[in-house]
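Reading through the structure tokens given below for one structure.
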Amino acid sequence: MPRIIKSGLIQMSLPKTEGEGTIEEIMQAMLDKHIPYIEKAGQQGVQILCLQEIFNTPYFCPGQSPEWYASAQPIPNPTTDLMQELAKKYSMVIIVPIYEREQAGVLYNTAVVIDADGTILGKYRKNHIPHTSGFYEKFFFKPGNLGYPVFQTRYAKVGVYICYDRHFPDGARALGLNGAEIVYNPSATVAGLSQYLWKLEQPAHAAANGNFWGCINRVGTEAPWNVGKFYGSSYFVNPRGEIIAQASEDNDELLVAEFDLEMIDQVRNIWQFFRDRRPETYGKLVEI
């Protein structure tokens, strides 16, 4: 019996007013820019929608300015409240990546998973935090402490991995073993040395774990940091590791694809990677 899912990814540049106004005004402008795309997804019948990493702010991590701590919000907050309303309005699961404030000085790079009835199912906190030239994320984010949860949404079992996480196959495998049928990876990544990995690692994770992936990246450049060009190219990949839909490198875009979750069984019945695992031989992987 087919299990057809219609899913969407939104890649977005900063509004033209980037760098102007208060942090609150910049966040509101970014939210306002997203709303028509979210509405469009709902009107097209998208069942599961994912936004990009810290979707309602610039990617401020090329600098180390503590003023951006003020953009972190507790969960729930007015932004997630609005997303809950939109999810309920369109019976659409929405994955909302934001900067989370648990308490003073305890801040996470988080994705909130909202079910099709508007209920917050839970959240994923980015586990792997880079700290290298142009990506000073340890200045802003604590490493995640919620493991690799999988959320039973109305339409599918959904997991989340965030940007730099994708370089680590271990968490991708944990999501697969936890039952994820679709993994979403909201990202903020720029052209450069690792760009070719964008179309290498996530298809490899999909093939290794026999599940679908939705991979989102920003577009454009962001002043005043000017760390480089966010090259978009958001895409969906199937359990064979084949890219089945892809967005442009430059444009604000809603990418929509339909796929059949029954393909997971079909692929795993042939590629028995879960059956043939040898976890008793993998002790070295969990040594500190």
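The values are calculated or read from the model by the stated rules, or taken from the named source; none is laboratory data. The model shown is predicted, which means the values in this text are computed figures rather than measured ones. Cβ: placed from backbone, ideal geometry, glycine included. Neighbour counts: every protein chain shown.
Results, tabulated for the structure shown:
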| read-out | value |
| --- | --- |
| Residue that is farthest from residue 141 (Cα to Cα), among those in the stretch 162-191 that are hydrophobic (A, V, I, L, M, F, W, C) and within 11 Å of the chain's Cα centre (by Cα) | 183 |
| Every pair of residues 6+ apart whose Cβ atoms lie under 9 Å, when the first sits in the stretch 110-128 and is at positive phi while the second is in a strand (DSSP E or B) | 122/112; 122/113; 122/151 |
| Residues satisfying the stated conditions in the stretch 57-110, i.e. basic (Lys, Arg) and in contact with a helix residue (DSSP H, G or I) (Cβ under 9 Å, 6 or more places away or on another chain) | 89, 101 |
| Subset of the stretch 95-115 [in a loop (DSSP other than H, G, I, E, B) and closer than 13 Å to residue 50 by Cα] | 115 |
| Meets criteria (in a loop (DSSP other than H, G, I, E, B) and touching a Gly at 6+ places or on another chain (Cβ under 8 Å)) for residue 228 | yes |
| Leading residue by the ranking (modelled with the lowest pLDDT) among those in the stretch 10-33 that are β-branched (Val, Ile, Thr) and either within 19 Å of the chain's Cα centre (by Cα) or in a loop (DSSP other than H, G, I, E, B) (or both) | 17 |
| Qualifying residue in the stretch 134-146 (condition: at pLDDT below 95, out of contact with any Cys (no Cβ under 6 Å at 6 or more places or on another chain) and either part of a strand (DSSP E or B) or not aromatic (Phe, Trp, Tyr) (or both)) | yes |
| Inter-residue pairs, beta-carbon under 8 Å, first under 14 Å from residue 53 (Cα atoms) and in the stretch 183-195, second surrounded by 15 or more Cβ atoms within 10 Å (Cβ to Cβ) and acidic (Asp, Glu), 6+ apart | 185/165; 186/53; 187/53; 188/53 |
| Residues within the stretch 171-223 that are in a helix (DSSP H, G or I) and aromatic (Phe, Trp, Tyr), tallied | 2 |
| From the options 236, 274, 259, residue that is at pLDDT 95 or above and touching a Cys at 6+ places or on another chain (Cβ under 8 Å) | 236 |
| Yes/no for residue 120 being under 20 Å from residue 6 (Cα atoms) and not acidic (Asp, Glu) | no |
| Top-ranked residue in the stretch 34-91 [being of a type in the set (Val, Ile, Thr) and not in a loop (DSSP other than H, G, I, E, B); ranked as surrounded by the fewest Cβ atoms within 10 Å (Cβ to Cβ)] | 35 |
| Among the candidates 40, 89, residue that is modelled with pLDDT of 95 or more, more than 22 Å from residue 236 (Cα to Cα) and not hydroxyl-bearing (Ser, Thr, Tyr) | 89 |
